[in-house]
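The values are calculated or read from the model by the stated rules, or taken from the named source; none is laboratory data. Only a predicted model underlies this, so the values are computations on that prediction, with no experimental measurement involved. Cβ sites come from the backbone with ideal geometry, for glycine too, and all protein chains shown count toward neighbours. For accessibility, only protein heavy atoms count, side chains too; no ligands or nucleic acids. Shrake-Rupley method; radii C 1.70, N 1.55, O 1.52, S 1.80 Å.
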Amino acid sequence: MPANSESQQRERLLTEVYADADEASRQVAGEIAALVRERAAAGRTVVLGLATGSTPVRLYRQLIRLHREEGLSFANVVTFNLDEYHGLPPTHPESYRRFMQEQFFDHVDLPSANIHVPSGLTPRGEAFAACQAYEKAIADAGGIDFQVLGIGRTGHVGFNEPGSTRESRTRLVTLDSLTRRDAARDFLGEANVPRHAITMGVGTILSARRIVLLAWGESKASVVAQAVEQPPTESLPASLLQGHADVRFVLDRAAASELTRFKHPWLVGPVKWDALSARRAVVWLSRTVRKPVLKLVDEDFTEHGMADLLTEQGPAYRLNIRIFNELQHTITGWPGGKPNADDTHRPERASPHPKRVLVFSPEPSDDILGMGGTLRRLADQGHEVAVAYLTSGNLAVPDEEALMAADLALDVGHSANGTDASPAESFAARVRAQLQAKAPLDQDTEEIRRLKGLIRRNEARAALRASRIPGDRVRFLDLPFYERGRYRQFCPDVADLEAVAAVLAEIRPHQIFATGHLDDPSSVAAVCWNLVREALTGGRNAPWTEDCRLWLYRPPTRPWNPAEIDMAVPLSPTELTLKIQAIYQHKSQRSQTPVADVSLQEAWQQADASNRATARDYDALGLAEYAAIEGFQRGAL
Ligand code: GLP
């Protein structure tokens with residue numbers, strides 16, 4: 001990776017981009033190992049500043065591997081963790097101390113006396129003194145040699161939320177509402193997320209001799225680009241790292257995707273133009289100068305760093321028409337292909353018809369949210385649509401929903417059986433008792449999870465009924481990685497892979513729809529996507545793969561940009577309404593409290609807004625004006 005090329009001219013600190021989070025973590029683990037060994041050889045200690053969250057988990061796994069397989073010893077290592085939730089004991093499942101024990105400390109030979117994590121139990125009145133003592137301990141250890149960081153969506157590092165100053169030191173802070181919402185899944189509800197935390201300050205972090213910030217997945221892309229390319233500001237604490245002499249952002253491709261050199265490379269140097277980059281550039285230009293594609297003129301291109309594009313592929317009118325046609329040809333009302341029609345310029349082939357279509361949905365509702373309109377069309381146009389729900393989604397069901405379901409089951413049992421309790425009734429009674437005995441932060445029992453999974457199953461069935469997909473084509477895989485896992489800490493294995501491979505072998509699809517390939521690798525969607533990808537790779541020689549296409553759909557919060565869309569399926573106003581009605585069937589996923597803030601919109605509102613926005617984008621490019629569009633990108637099989 002070039003350290004500082006022309007294309008990185010807007011980057012105010014060093015960035016390194018790797019193919020994926022594993023490769024990046026291997027690299028950083030190797031760097032830490034080298035430092036640890038070098039110090040050990042000199043008979044010295046090394047001080048590591050450590051972070052929590054899903055981001056560094058892969059790094060810790062690599063370090064553990066180096067310890068086990070290559071004899072890397074941590075005997076000379078002293079660690080200081082960035083932060084801890086205030087109020088949580090070290091045994092709490094969400095405490096950072098426990099996280100560190102489980103993810104790293106328990107697996108290596110780090111002496112426990114060398115470990116430092118701020119205590120969540122420090123009384124408020126003593127917090128100031130405890131924070132000063134933490135700072136002193138860092139100084140006494142010789143200062144931090146190597147600081148590992150993640151980044152929150154507010155741009156926080158540690159728990160230094162917007163507003164934290166460059167000089168801030170270890171202290172008690174109040175958490176931002178977005179940060180608390182991001183933690184809500186871990187805590188099984190936002191109400192359970194602590195409001196305060198103890199964190200090292202930005203100044204403490206800046207005192208480290210070397211800083212490496214890690215970020216994976218597209219949800220971090222925007223905040224990473226701001227921290228790297230915008231002037232430093234306290235409203236985005238990670239940007240304050242810019243002042244440091246030895247800091248790097250280590251990214252996967254998705255987290256780097258909003259950096260100018262990837263998003264708008266023509267603005268920062270010469271571009272090797274191909275069909276795709278030309279399309280991206282023209283779509284961007286049309287948006288930037290607010291003109292439809294066919295009205296762009298040579299000056300628009302030359303004034304926006306695209307003179308060489310004109311030289312290679314121009315003049316403007318020719319390029320415009322080509323791109324216009326390409327965009328036009330993405331639009332189809334026949335997502336499964338139009339039978340007996342010329343398909344030269346259609347995104348999907350005409351035959352075979354009908355097709356066997358397999359939709360992979362990581363959690364129940366991802367399918368409807370991302371492609372509910374298209375699902376219905378595929379069914380209406382006679383295709384054999386099968387939906388495979390990869391996980392049960394039971395972690396996302398509020399207790400109250402489960403209580404209602406248990407009560408209902410009990411009532412049904414009573415009215416059907418009189419006084420004899422049926423097995424179903426006893427199950428419901430047990431779940432009810434377990435729910436009532438459960439403290440807000442307790443993990444669900446296996447039986448509670450089972451009932452919650454059944455709730456989501458039936459919501460998914462109702463949503464598919466509304467989309468006219470026959471129930472016998474629905475598969476609930478309840479993948480084991482999810483059933484035994486927790487958010488951010490899923491560990492899929494061969495049983496998960498076999499289950500996915502089995503559906504593929506059973507359905508032998510002509511078309512596959514899937515999602516999750518750009519997500520944070522620890523998310524449910526990304527874990528599922530990787531299983532689908534591995535299963536596809538494993539089944540590459542199966543005869544059905546010769547006549548199969550893969551289409552990638554997106555969550556409403558991050559729709560494809562028109563330049564990335566290979567198939568755009570327009571929805572009429574009525575179809576959009578029907579899609580929303582189908583989303584409505586996922587009742588347990590509705591917000592539990594009314595919300596006013598737009599960023600906290602309900603899922604159906606997000607789907608509605610994003611499909612309408614894509615249609616508006618097509619309209620603004622000078623294409624037909626539809627009410628709504630669902631976009632798909634063709635994936636490589
Ligand atoms: C929390 C932690 C941060 C971490 C951030 C992102 O707020 N205090 O240190 O960087 O979450 O978490 P994740 O890595 O799970 O995306």
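Counting only residues that are open to solvent by 70 Å² or more (accessible area, probe 1.4 Å) and more than 30 Å from Leu82 (Cβ to Cβ), give me the helices (runs of 4 or more DSSP H) lying completely in the stretch 229-331 with at least 3 of them.
Working: elements: 253-256, 260-263, 275-288, 298-302, 307-313, 316-328.
It comes to 275-288, 316-328.
Kindly indicate whether any position in the stretch 442-449 is at positive phi, in contact with a helix residue (DSSP H, G or I) (Cβ under 8 Å, 6 or more places away or on another chain) and not hydrophobic (A, V, I, L, M, F, W, C).
The answer is no, given that none of the residues of the stretch 442-449 is at positive phi, in contact with a helix residue (DSSP H, G or I) (Cβ under 8 Å, 6 or more places away or on another chain) and not hydrophobic (A, V, I, L, M, F, W, C).
Would a scan of the stretch 425-434 turn up a residue that is open to solvent by less than 50 Å² (accessible area, probe 1.4 Å), out of contact with any Cys (no Cβ under 6 Å at 6 or more places or on another chain) and in contact (Cβ under 8 Å) with a residue 40 or more places away in the chain?
Checked the stretch 425-434: no residue is open to solvent by less than 50 Å² (accessible area, probe 1.4 Å), out of contact with any Cys (no Cβ under 6 Å at 6 or more places or on another chain) and in contact (Cβ under 8 Å) with a residue 40 or more places away in the chain.
Do we have any residue at all in the stretch 69-90 that's of a type in the set (Val, Ile, Thr) and under 28 Å from the mean Cα position of the chain (by Cα)?
No, there is no match, as no residue in the stretch 69-90 is of a type in the set (Val, Ile, Thr) and under 28 Å from the mean Cα position of the chain (by Cα).
Counting only residues that are within 19 Å of Trp544 (Cβ to Cβ) and outside any helix (DSSP H, G or I), how many does the stretch 352-385 have?
Residues meeting the conditions: 12.
Mind telling me which of the residues Thr557, Thr537 ends up being of a type in the set (Val, Ile, Thr) and assigned to a loop (DSSP other than H, G, I, E, B)? Spell out the reasoning first.
Working: Thr537 fails: assigned to a loop (DSSP other than H, G, I, E, B).
So the residue among Thr557, Thr537 that is of a type in the set (Val, Ile, Thr) and assigned to a loop (DSSP other than H, G, I, E, B) is Thr557.
Quick one: which of Ala501, Ala525 is small (Gly, Ala, Ser), within 16 Å of the ligand (Cβ to nearest atom) and part of a helix (DSSP H, G or I)?
Ala525
In the stretch 245-261, which residues are more than 18 Å from Arg554 (Cα to Cα) and touching a residue at least 12 places away in the same chain (Cβ under 8 Å)?
Asp246, Val247, Arg248, Phe249, Val250, Leu251, Asp252, Ala256, Leu259, Thr260, Arg261
Within the stretch 38-73, how many residues turn out to be away from the ligand (no atom under 12 Å from the Cβ) and at pLDDT below 95?
0
Enumerate the pairs (first residue in the stretch 513-532 and over 17 Å from Leu214 (Cβ atoms); second residue anywhere and within 13 Å of the ligand (Cβ to nearest atom) and in a helix (DSSP H, G or I)) with beta-carbon separation below 6 Å, excluding pairs fewer than 6 apart on the same chain, so at least 6 apart or on different chains.
If the second residue must be within 13 Å of the ligand (Cβ to nearest atom) and in a helix (DSSP H, G or I), the pairs left are Gly516/Ala526.
Please indicate, with yes or no, whether at least one residue in the stretch 214-225 is of a type outside the set (Lys, Arg), more than 13 Å from the ligand (Cβ to nearest atom), within 17 Å of Pro162 (Cβ to Cβ) and over 15 Å from the mean Cα position of the chain (by Cα).
Yes: one or more hits.
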